[in-house]
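Chemist: Pasting a structure below so you can have a look.
The values are calculated or read from the model by the stated rules, or taken from the named source; none is laboratory data. Here the structure is a predicted model, which is why all the values come from computation and not from measurement. All Cβ positions, even for glycine, are placed from backbone atoms using ideal geometry, and neighbour counts span all protein chains on display. Surface accessibility is based on the protein's heavy atoms, side chains included, excluding ligands, DNA and RNA. Shrake-Rupley method; radii C 1.70, N 1.55, O 1.52, S 1.80 Å.
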Amino acid sequence: MDDANANGAAGDKLLNPLHKGAKFVKIKPSKKYPRTYKLDKNNDFLTYSPSKKKASDSRRTCFARKDSYNNVNINDIKEVRTGKSTDTFKAAKVKGTHSAQCFSLVIGNNNDTVDLVATSDAVALQWVTGIRHLKKQSKHIDVKANRDKWIREFFQKADRNNDGCIDFEEVCKLLKQMNLKIDKRHVRKCFQEADTQKSRKHTGEMVDNELDAEEFVRFYSLITRRDEITALFYKYSGDDDYWEAEEFLTFMQTEQRRKELHGKWAEAVIGKYEPNPECQANQVLSLDGFNLFMMGPNGMLMNPYHDKIYQDMNQPLSHYFIASSHNTYLLEDQLKGPSSTEAYIRALQLGCRCVELDCWDGSDGDPIIYHGHTLTSKIKFRAAIEAIDAYAFATSDYPLIVSLENHCSVDQQQLMAAHMKDIFGDKLYTDPVTADMKALPSPEQLKGKILVKMGGFGKPRGKKLKADSNDDGDVSDEDEAADIEAEEVKKESKKKEKQKLDKDLSDLVVLCKSVSFKNFQHSKSTYSFYEMSSFGESKANELSKEQGKQYVDHNKWQLSRTYPGGMRTNSSNYNPVPFWNAGCQIVALNYQTAADEMDINLGKFKQNGNCGYILKPSFMRKESASFDPERPGKIKQRLSIKIISGQQLPKPPGSKEIIDPYVKVSVYGVPADCKDAKTRIIDDNGFNPNWNETKVFDIHVPELCIVRFMVRDYDKTSANDFIGQYTLPLSSMQQGYHHVPLLSKTGDSMGPATLFVKISITEPSKK
């Protein structure tokens with residue numbers, strides 16, 4: 001048996017128990033439900049049914065696919081976590097079961113969980129192993145297989161009675177749910193063309209006017225055939241209906257501006273995407289193959305090479321923008337919401353490289369984390385450190401900064417140091433600064449290391465620390481609670497005057513020593529490269545507007561951290577762009593709040609392999625360079641975006657009406673580059689709206705530009721509903737014809753929902 005067959009047989013053996021199904025107990029914080037899960041025949045879903053049937057079960061099962069907590073799409077599973085480690089398991093306090101019987105499916109960017117208890121340790125191990133095998137396989141699925149998977153998802157939605165086929169009326173209902181308003185005669189024509197297999201394999205009977213799953217895939221391809229793609233294909237195909245490698249290359253070099261490509265590349269791509277064996281044998285690309293290619297990485301707007309590390313990672317740490325979180329432990333608001341270790345896990349999985357811990361004395365002698373002087377819930381410091389350790393390098397190998405806001409007594413500071421040494425171990429960076437060091441080490445040099453950031457170094461270690469008006473908090477790095485509870489902070493300040501900094505804890509702080517900021521001249525003459533300052537939102541805004549050039553120069557050699565103002569008690573975020581424009585590296589945001597600001601943040605850090613580090617432009621790094629974001633100079637580029645069409649735009653949650661979509665394009669950067677543009681509204685068409693509108697933007701500083709596409713549903717009587725968005729750096733945009741894959745509010749993929757655009761970046765016309 002060859003390796004491929006051996007691997008296939010091994011995979012089948014792993015999946016057999018999942019196909020047969022198993023009984024579980026599904027855990028909720030206050031309830032438990034008996035459930036039976038099994039893997040569907042196409043390995044796409046874990047399907048759900050209640051273990052004990054009730055009168056209403058048939059109706060509930062019918063609609064189960066709409067609920068990702070019941071039927072689970074394998075592609076939506078981000079992680080399989082063993083044991084009783086999730087918040088749900090902790091809240092439910094599951095007793096009488098081994099930890100080895102328990103596992104959780106972590107779903108989507110919000111880290112929603114399906115928490116299950118198996119009947120035995122062995123069954124749990126079978127399912128964990130099988131699902132992890134499926135996840136590993138899914139990373140290597142080709143575009144056609146991926147497309148067919150989500151087409152079968154639509155089929156499952158239409159097949160309400162689960163008999164493996166759907167009739168014409170069921171198809172029409174499904175098309176309406178999919179936002180398609182189309183003439184029934186055209187639907188009937190495509191339906192009949194796809195209905196090639198009159199007998200059903202599962203019964204052998206002759207059945208007309210029904211489609212099975214494979215026929216529905218064909219029907220879907222017919223009904224979604226796109227005129228704009230077809231026209232583009234035939235523009236280069238000559239008199240025939242296929243592309244030879246040379247014609248394919250001409251398209252890529254002319255329309256897509258990919259001058260570096262060659263014939264062997266075109267032949268390799270044809271071999272990968274062409275579904276017709278005869279065309280593949282003759283090394284030609286059909287329209288179907290071109291459609292698949294345009295839905296692959298090269299057909300997406302984001303440059304696929306930027307999905308990997310492509311920047312120089314050997315510059316000093318101060319030369320990079322660093323993805324950063326504020327009050328990371330919070331899941332909701334800043335006043336009374338829950339704190340959770342899950343918040344650290346989620347931020348780290350999203351690529352965050354600086355997390356924050358607000359540390360206070362625990363009543364049992366063990367330090368805790370919560371938002372001081374508020375009603376937010378508390379978690380153990382050790383539990384947070386364990387979660388951080390487990391996920392510190394799950395998404396990125398580059399250094400993680402652990403920012404401590406320290407309010408603890410010396411005894412509990414000693415415990416903090418002990419916990420970090422015990423759990424982080426060799427990952428902790430504790431190498432002393434040497435006399436020959438003139439700048440911070442690079443991300444490459446610090447790979448796999450955890451840096452501790454903390455204040456409290458205004459006086460020799462072990463001495464009393466004084467909190468004054470010019471201090472950022474020093475023992476407490478940033479005293480945001482001052483905006484919330486002034487009297488409590490006064491009491492805290494008195495306490496600080498008697499508070500000491502523990503030597504064991506301070507020894508862990510080497511490269512990120514927090515110091516108070518007075519002015520840029522004072523920092524340059526007084527501080528070293530391994531010291532850094534934190535700036536509240538209002539102070540950072542003031543400096544970036546009034547002293548932008550000096551702020552940029554300051555951030556060439558020293559790290560700066562900005563954080564949201566204390567009045568943002570609902571965990572809203574500021575716009576991070578002005579602070580990046582000033583060269584601030586650690587621009588901390590509330591990662592739990594899905595809104596425009598987090599879209600911009602996550603969009604910016606998509607580049608460079610989502611590693612959480614982005615090399616600043618050279619004019620923000622070179623000592624001799626001068627840059628003021630408020631005075632950017634001449635226009636350098638002209639960005640032209642032709643918004644051609646949309647594909648399968650979903651309805652807002654709970655809506656039954658077909659949407660009236662429009663697209664808003666926003667450019668963020670230096671003030672001179674910030675601009676919005678909107679398309680017209682398309683009535684009653686979320687399935688394949690066509691705009692064919694061009695928007696032009698003059699760009700002064702392309703290196704700092706971020707472009708955001710947002711689709712909304714127009715409503716005359718109420719606020720326009722959010723449909724989807726996609727944000728990315730201008731420098732990561734491919735030119736030519738590309739798809740924009742839309743994301744949900746929480747940053748999750750919206751499957752087939754895309755925009756089709758043409759991008760052109762040129763020098764501005766000389767007048």
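Chemist: On the accessible surface of the chain, probed at 1.4 Å, how many percent belong to carbon and sulfur atoms?
Modeler: Details: 16380 of 34020 Å².
Of the solvent-accessible surface of the chain, carbon and sulfur hold 48 percent.
Chemist: Could you compute the longest span of the chain free of GluC sites (Glu not before Pro) located in DSSP loops and having at most 13 other Cβ atoms within 10 Å, not counting the site residues? If you can, show how the numbers build up before the last one.
Modeler: Details: sites that count: Glu205, Glu260, Glu623, Glu657.
Answer from the scan: 261-622.
Chemist: Assign unit charges at the C-beta atoms only (+1 for Lys and Arg, -1 for Asp and Glu), then state the dipole size of region 246-338 relative to its Cα centre in Debye, rounded to the nearest 20.
Modeler: Working: 7 positive and 12 negative charges, 64 e Å.
Here the size comes out at about 300 debye.
Chemist: Quick one: Debye curve from the C-alpha atoms of region 345-396, no solvent, what's log10 I(q)/I(0) at q = 0.17 Å⁻¹?
Modeler: Debye output, listed in q order: -0.56.
Chemist: May I ask you to evaluate 6.51 cos²θ - 1.76 cosθ + 1.60, the Karplus curve with θ = phi - 60°, for each residue of region 293-310 and list the ³J(HN,Hα) values in order in whole Hz, giving x for glycine and proline?
Modeler: So the Karplus estimates, Gly and Pro as x, are 4, 6, 9, x, x, 6, x, 8, 5, 6, 4, x, 5, 7, 6, 10, 5, 10 Hz.
Chemist: To the nearest 10 degrees, how steeply does helix 548-557 sit against the main Cα axis of the chain, on a 0 to 90 scale?
Modeler: 80
Chemist: Then there's this: Say the cut-off is 21 Å between C-alpha atoms; which of Lys41/Lys272; Lys447/Lys616; Lys84/Lys453; Lys32/Lys135; Lys149/Lys272 go over it?
Modeler: Values: Lys41/Lys272 25 Å; Lys447/Lys616 19 Å; Lys84/Lys453 31 Å; Lys32/Lys135 27 Å; Lys149/Lys272 18 Å.
Check vs 21 Å cut-off fails for Lys41/Lys272; Lys84/Lys453; Lys32/Lys135.
Chemist: Considering only DSSP beta bridges whose two residues both sit in the chain, what percent are antiparallel, to the nearest 5?
Modeler: Numbers: 90 of 118 bridges.
Antiparallel bridges: around 75 percent, rounded to the nearest 5.
Chemist: Thinking of region 510-554 as a set of Cα atoms, what percent of all their pairs are more than 14 Å apart? List each step's numbers first, then the result.
Modeler: On the way: 499 of 990 pairs.
So the pairs more than 14 Å apart make up 50 percent of the total in region 510-554.
Chemist: Loop only by DSSP, 10 or fewer other Cβ within 10 Å of the Cβ. Give me the trypsin sites (Lys or Arg not before Pro) in region 259-307 that pass, ordered by residue number.
Modeler: Working: sites: Lys259, Lys264, Lys272; in loops: Lys259.
In loop regions of region 259-307 (DSSP not H, G, I, E or B), the sparsely surrounded trypsin sites (Lys or Arg not before Pro) are Lys259.
Chemist: Rounding to the nearest 10 and keeping the result within 0 to 90°, find how far the Cα-based axis of helix 121-138 lies from the longest principal axis of the chain.
Modeler: Approximately 80 degrees, to the nearest ten.
Chemist: Give me D for region 394-451 in µm² s⁻¹, whole number, from Stokes-Einstein with Rh from the Kirkwood sum over alpha-carbon pairs, 25 °C and 0.890 mPa s.
Modeler: On the way: Rh = 13.2 Å.
Roughly 186 µm²/s, to the nearest whole number.
Chemist: Right, here's the next one. Taking region 673-767, which chymotrypsin sites (Phe, Trp or Tyr not before Pro) meet the DSSP loop condition and have no more than 15 other C-beta atoms within 10 Å? Could the numbers behind the result be given before it?
Modeler: Numbers: sites: Phe687, Trp691, Phe697, Phe709, Tyr714, Phe722, Tyr726, Tyr737, Phe756; in loops: Phe687, Tyr714.
Taking region 673-767 and a limit of 15 other Cβ atoms within 10 Å, the loop chymotrypsin sites (Phe, Trp or Tyr not before Pro) found are Tyr714.
Chemist: May I ask for the angle, rounded to the nearest 10°, between helix 537-546 and the longest principal axis of the chain, with both axes built from Cα atoms and the value confined to 0 to 90°?
Modeler: That helix lies at roughly 90 degrees to the long axis.
Chemist: Any idea what the dipole of the chain comes to, in debye rounded to 20, about its Cα centre with Lys/Arg Cβ at +1 and Asp/Glu Cβ at -1?
Modeler: 1120
Chemist: Any chance you could look up the accessible area of Asp596 with a 1.4 Å probe, heavy atoms only, rounded to 10 Å²?
Modeler: Counting only protein heavy atoms, the figure is 60 Å².
Chemist: When all alpha-carbon pairs of the chain are counted, what percent fall beyond 40 Å? Don't jump to the answer; show the numbers that get you there.
Modeler: Details: 121328 of 293761 pairs.
Roughly 41 percent, rounded to a whole number.
Chemist: Now for a separate question. Over region 312-374, consider all pairs of different Cα atoms and compute the Kirkwood hydrodynamic radius from their mean reciprocal separation; express it in Å, one decimal. Before the final figure, lay out the partial values.
Modeler: Values: mean 1/r = 0.0747 Å⁻¹.
It works out to 13.4 Å.
Chemist: May I ask for log10 I(q)/I(0) of region 678-767 at q = 0.19, 0.25 Å⁻¹, from a Debye sum over the Cα atoms as equal point scatterers with solvent left out?
Modeler: -1.05, -1.51
Chemist: With a 1.4 Å probe and all protein chains left in place, how much accessible area per residue does the chain have, in Å²? Please list the in-between numbers first.
Modeler: Details: 34020 Å² over 767 residues.
Computed with neighbouring chains in place, this is 44 Å² per residue.
Chemist: Okay, moving on. Projected onto the charge dipole of region 633-767 (+1 at Lys/Arg Cβ, -1 at Asp/Glu Cβ, origin at the Cα centre), which of Tyr714, Ser640, Gly654 gives the Cα projection farthest towards the positive end?
Modeler: With unit charges placed on the Cβ atoms, the residue in question is Ser640.
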